[in-house]
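Contents: one structure, followed by commentary.
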Amino acid sequence: MHTSDRHDIEIDLFRRALMLRHGYDFTGYAPASFKRRVLALQAAVQAPTVSRLTERLLHEDGFVRTVIGRLSVPVSEMFRDPSVFRALREDVMPVLATWPQINIWQAGCAHGEEVYSLAIVLRECGLYERAHIFATDFSEEALARAEEGIYPLHEARAYSDNYLRAGGTGSLSDWYVARYNRIKLDESLRKRVTFARHNLVSDGVFGEMQLIVCRNVLIYFGDDLQERALGLFRDSLVHGGFLCLGNRESLAYSAMADDFERLSEETAIYRRGIRARRTI
Amino acid sequence: MRAGRYDAIVMAASSGGIDALRIVLGALDARLRAPVLIVQHTASENGHALCELFAAASVIPVIEAEPRQPIVGGCAYLAPPGYHLLVEAGPRAALSVDDKVCHVRPSADVLFESAADVWRSALIGVVLTGANDDGAAGMLAIRSRKGLGIVQLPDEAEMREMPEAALRLAGADHVLRLAAIGPLLNQLCG
């Protein structure tokens with residue numbers, strides 16, 4: 001049997017152990033990228049085989065936290081894809097300003113880079129005080145990191161560059177302090193942020209949102225899981241609310257496409273159609 | 001080696017790859033049955049412009065791969081800049097922003113390995129010019145599944161590191177000049 005086919009069997013067993021022992025369901029994930037992540041996890045913890053990962057998952061308390069940390073969405077950067085943050089600032093914020101309260105859900109917040117980016121945009125647009133950002137992830141480890149808001153200093157230049165290209169009105173360094181080899185984001189940016197565990201695979205709608213940001217998460221999902229997540233987003237959004245997906249993500253292959261209108265060709269920002277029917 | 005045994009082609013190119021790919025894609029026949037999936041390392045963020053450049057040289061359509069897109073024969077799919085391109089059963093395209101592999105994203109190893117899982121022995125891998133070793137592990141995955149490996153003749157390549165790395169790790173069934181690669185693909189997948 002080819003090594004790769006043996007990996008498929010081992011990964012299947014690993015996935016079952018995660019489900020049966022810990023309640024995390026990865027069956028709806030796109031298989032090819034999931035396989036790569038499991039093999040990367042195996043390399044990172046220096047396990048001789050995937051089966052060894054399964055054994056540790058079953059018998060070693062606490063190992064699941066490492067596993068979930070490694071299998072959750074990858075690290076992002078502040079103001080990643082600056083044109084998207086520019087569109088959020090210029091096209092979306094003026095509409096958000098018309099609502100008395102602005103609820104924003106960032107689904108799959110990873111280490112929080114984009115949460116703080118959003119908070120900065122809201123601050124600079126004068127909307128922060130009536131905004132509330134719900135930053136969710138299914139990985140506790142990721143949430144803990146996100147809450148710290150500490151990033152490597154060597155990233156600061158790229159972040160600053162992104163910030164300016166995204167239409168930032170000041171200097172990114174206004175929003176962090178650099179110490180040792182790290183930058184720490186201003187505590188005040190966290191004031192209106194709630195970090196919480198939420199799994200798009202198994203959890204439901206938890207509030208009415210004016211904006212949902214979920215970038216480069218759906219690309220890792222299979223069809224059914226993508227539809228589930230999009231259904232949650234649709235049902236969470238107020239009419240006229242916005243959904244911001246990753247640049248290469250779209251509703252092209254989704255049954256939900258009719259419920260949204262795309263703002264422009266350049267960015268994957270959608271608006272929950274005023275005219276669209278709510279399907280039950 | 002009989003015609004019709006191969007269902008798909010994956011290609012990797014890095015430094016010097018745009019000219020090289022234009023030659024290979026330019027020689028492909030409109031009757032090609034197989035899809036062509038391409039990783040070209042580029043500093044540009046504009047994959048669309050790259051596609052236009054390739055499409056202008058070729059009779060087969062060249063498009064940027066989208067997530068979930070069905071992969072059909074006679075069409076070339078380019079990995080979008082900044083994203084790994086993978087193949088899922090179907091076959092359909094998938095993208096990821098996971099860590100770089102061989103310091104690059106898109107990585108040819110990621111494409112080749114996932115394609116080898118789907119097409120197995122019916123896959124052809126092509127490694128062209130480049131200054132790194134991406135594609136070598138991918139070529140090994142293809143050849144270990146009894147797929148076919150084609151590597152550009154290092155002496156002809158603008159940058160010889162990538163073809164040489166593939167040959168060193170995985171070997172090849174054919175080591176060819178660019179001008180000979182397209183015609184062979186037509187013959188194998190016509």
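Only the coordinates and a few stated rules stand behind these numbers; no lab work does. Quantities reported herein were computed from a predicted structural model and do not represent experimental measurements. Here Cβ is always computed from backbone atoms with ideal geometry, including for glycine, and neighbour counts include all displayed protein chains.
Here the stretch A:125-170 and the stretch B:1-72 have alpha carbon centers that stand 37 Å from each other.
A Cβ-based charge dipole, computed about the Cα centre of the stretch A:82-272 with Lys and Arg at +1 and Asp and Glu at -1, lands at about 540 debye.
The coefficient of translational diffusion for the protein assembly as shown, derived via Stokes-Einstein from the alpha carbon Kirkwood radius under 10 °C and 1.306 mPa s, stands at 68 µm²/s. For the stretch A:89-110, backbone nitrogen atoms closer than 11 Å to the point 7 Å from A:GLU155 Cα along Cα-to-C-beta are found at A:110. A Cβ-based charge dipole, computed about the Cα centre of the protein assembly as shown with Lys and Arg at +1 and Asp and Glu at -1, lands at about 540 debye.
Could you list the GluC sites (Glu not before Pro) in the stretch A:210-268 that lie in coil according to DSSP, counting only those with at most 16 other Cβ atoms within 10 Å of their Cβ? Provide the component values of the computation, followed by the final result.
Working: sites: A:GLU227, A:GLU249, A:GLU261, A:GLU265, A:GLU266; in loops: A:GLU249, A:GLU265, A:GLU266.
Sparse-neighbourhood loop GluC sites (Glu not before Pro): A:GLU265, A:GLU266.
Using a cutoff of 8 angstrom between alpha carbon atoms and counting only pairs six or more residues apart, the relative contact order for chain B works out to 26 percent.
Do you know the Lys pair count in the protein assembly as shown for C-alpha distances under 28 Å, with sequence separation 8 or more or different chains? Step by step, the pairs that qualify in the protein assembly as shown add up to 4.
Between B:LEU153 and A:GLU129, what FRET efficiency follows from the Cβ-Cβ distance if R0 is 45 Å, with the result rounded to 0.05? Kindly include the intermediate steps, with their values, before the conclusion.
Details: r = 65 Å, r/R0 = 1.45.
The calculated FRET efficiency here is 0.10.
Highest GNM mean-square fluctuation among A:PHE242, A:PHE63, A:PHE195, for chain A modelled with Cα contacts below 10 Å: A:PHE63. Per-residue ellipticity at 222 nm from helix content only, as computed over chain A with -39500 (n - 2.57) for each DSSP H run of at least four residues, stands at -11500 deg cm²/dmol. When DSSP beta bridges are restricted to pairs lying wholly in the protein assembly as shown, around 35% turn out antiparallel.
When the helix-only estimate is applied to chain B (DSSP H runs of n ≥ 4, each -39,500 (n - 2.57), divided by the residue count), what is the mean residue ellipticity at 222 nm, nearest 500 deg cm²/dmol? Please list the in-between numbers first.
Working: 6 runs with 64 residues, N = 190.
-10000 deg cm²/dmol, from helical runs alone.
For a quick protection proxy, order the peptides B:154-162, A:150-158 by their average other-Cβ count within 10 Å, most packed first.
On the way: B:154-162: 18.9, A:150-158: 13.9.
The densest-packed peptide leads the list: B:154-162, A:150-158.
For the stretch A:155-172, putting each phi into the Karplus relation 6.51 cos²θ - 1.76 cosθ + 1.60 with θ = phi - 60° gives couplings of 7, 4, 5, 5, 4, 4, 4, 4, 4, 5, 5, 7, x, x, 9, x, 10, 4 Hz, in residue order, rounded to whole numbers and with x for Gly and Pro. With the simple spin-label model, which puts each label point 7 Å out from Cα in the Cβ direction, the A:HIS22 to B:SER121 separation comes to 3.9 nm. For chain A, set up a Gaussian network in which alpha carbons nearer than 10 Å are linked by springs, and say which option among A:ALA110, A:ALA30, A:ALA229 fluctuates the most. Greatest mean-square fluctuation among the candidates belongs to A:ALA30.
About its Cα centre, the stretch A:3-71 has a charge dipole of approximately 180 debye under the convention of +1 per Lys or Arg Cβ and -1 per Asp or Glu Cβ, with nothing else charged. Inter-chain neighbour count for A:213-223: the average number of beta-carbon atoms from partner chains within 10 Å of each residue's beta-carbon is 3. When the Kirkwood hydrodynamic radius is evaluated over all pairs of different C-alpha atoms of the stretch A:82-272, what value in angstrom, to one decimal, is obtained? That comes to 16.9 Å for the stretch A:82-272.
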